[in-house]
Amino acid sequence: MVPVIIVAVAFYPDGLAPQPAIGSARWWELRPGWIALLAAVLVPLILGVTWLGRPLRRLPMGIGPTGPWSPVILLLGLTAAIPSLARLAIGGFAPGGQLPTLVLAGYGFGLVLTLLSGRSDS
């Protein structure tokens, strides 16, 4: 989904990504180009994340101290991230031709809270 988000943020606000009706002939004509563009974004992302992840393999999962508040922070993060992802899955990245900035912000907020909830000691 990361390449889809990057391409959507880069091309939808400027109108560079046409939005024909789903399943229409024009929509199908754009699929090969869409898949190629996503692949062109995905390959460098995979290489970069793999390269960056090597030194991080020794670090524990999650960041921040673990405490009695950790389950609450995790629950709040999931409460923000899961509905945001569902909204993106249902409504798409440009409902009505507009980028859903509030939904993307909700997902980002939930992701940060989830990461900050601390690491598991088990």
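Observations on the model:
- Check on ALA105, modelled with pLDDT under 90, surrounded by fewer than 13 Cβ atoms within 10 Å (Cβ to Cβ) and closer than 30 Å to ASP14 by Cβ: no
- Residue in the range 6-15 that is over 16 Å from the mean Cα position of the chain (by Cα) and part of a helix (DSSP H, G or I) present: no
- Just one of the listed residues (VAL49, VAL43, VAL2) is touching a residue at least 24 places away in the same chain (Cβ under 8 Å) and not assigned by TED's automatic domain parsing to the domain that holds LEU85, namely VAL2.
- Checking LEU78 against (1) more than 28 Å from GLY15 (Cα to Cα); (2) within 13 Å of the chain's Cα centre (by Cα), the condition it does not meet: (2)
The values are calculated or read from the model by the stated rules, or taken from the named source; none is laboratory data. What you are looking at is a predicted structure, and each value in this text was computed from that prediction instead of being measured. Because the Cβ atoms are built from the backbone with ideal geometry, glycine has one as well, and the counts that use them run over all protein chains shown.
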